[in-house]
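S.K.: Starting off with a structure, shown below.
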Amino acid sequence: MKRSPVPLALALLSVMLTACGPAPTERETTRAARPGALLHADGFDGDLAQWIVEQRPGGTVRVDAGRLVIEDVGGCTVWFHRKLEAPVIISYNATVAAEPRTSDLNCFWMATDPVRPGLLFEPGHGRDGAFASYDSLRTYYVGYGGNTNTTTRFRRYSGGGEKPLLPEHDLSDPAVLLVPDHTYRIELIVIGDRVQFVRDGEVVFDHTDPEPLHEGWFGFRTVWSKIEFSDFQVHRAEAVP
């Protein structure tokens with residue numbers, strides 16, 4: 001009896017696909033830029049002179065032996081005091097302790113207040129460390145390991161209270177959640193219309209913004225967690241050929 005060629009063709013197709021490897025995932029993407037000239041740095045071997053703290057009662061922020069240490073209860077944002085301009089790469093090390101919980105290695109960048117575009121820290125701004133008090137900003141935001149380490153999300157705040165969450169920016173894969181006591185290298189890239197969040201060399205979020213935010217402030221953000229930061233650097237971003 002003559003055999004059908006279909007099973008053989010399917011088998012050959014399967015071998016070809018296996019040889020090519022798995023299909024690229026959504027997060028397998030290349031960096032948009034590499035570090036150029038160093039613009040700012042803080043090794044946290046002095047004091048908090050370059051930082052502005054907004055924190056709810058009960059928490060602390062301190063510099064200790066080359067680390068910026070946030071121990072928080074009700075919400076905290078620690079802002080770098082200088083306004084940054086794109087193209088830029090912001091980078092730092094971060095370690096989230098297991099206690100009180102492994103959660104919320106978060107950050108704002110290119111943040112401005114539409115009501116006071118050049119005066120983010122003007123008296124009366126209304127921000128007090130509570131998360132909702134930042135809703136009026138225009139900014140990029142990543143909540144890494146948020147919601148008690150069940151989600152990792154990227155948002156672009158509009159400046160009018162809207163902070164939409166696109167499906168591709170709402171991740172829950174364990175591969176992009178926090179490991180307690182692991183030291184991560186975080187890089188935030190803004191160049192042209194590209195915005196990227198890079199963790200340990202891997203691009204986690206790669207967003208093309210039709211209305212990119214080209215200037216603003218950077219802030220560490222967390223709630224009810226203990227996080228140690230070190231080796232903070234800001235470089236001019238250079239496009240990757």
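S.K.: Out of these labelled values of Rg/Rh (Cα atoms, Kirkwood Rh), [x] 1.04; [y] 0.93; [z] 1.09, which was calculated from the coordinates shown here?
M.R.: Recomputing Rg/Rh (Cα atoms, Kirkwood Rh) here gives the entry labelled [z].
S.K.: Also: Can you tell me the length gained on complete extension of the stretch Arg116 to Val176, counting 0.36 nm per residue apart and subtracting the Cα distance?
M.R.: Value of the extension gain: 18.1 nm.
S.K.: Next question. In nm, what is the difference between 0.36 nm times the number of residues separating Asp200 and Ala239 and their Cα-Cα distance?
M.R.: Length gained, Asp200 through Ala239: 12.1 nm.
S.K.: Of Gly58, Gly126, Leu188, which is farthest along the charge dipole of the chain in the positive direction, counting Lys and Arg as +1 and Asp and Glu as -1 at C-beta?
M.R.: Checking the options against the dipole of the chain, the answer is Leu188.
S.K.: Given labels modelled 7 Å from the Cα in the Cβ direction, how far is it in nm from Tyr184 to Glu85?
M.R.: Simple spin-label model gives 3.0 nm for this pair.
S.K.: Tell me the label-point distance for the pair Asp47, Ala98, using the 7 Å Cα-to-Cβ offset, in nm and rounded to one decimal.
M.R.: About 3.7 nm, to one decimal.
S.K.: Quick one: length gained pulling Thr208 to Asp64 fully straight, 0.36 nm per residue minus the C-alpha distance?
M.R.: 48.1 nm
Read the figures in this text as sums done on the coordinates, not as results from a lab. On a predicted model such as this, the values are computed, not experimentally measured, just so you know. Glycine gets a Cβ as well: all are built from the backbone with ideal geometry, and neighbour counts include every protein chain shown.
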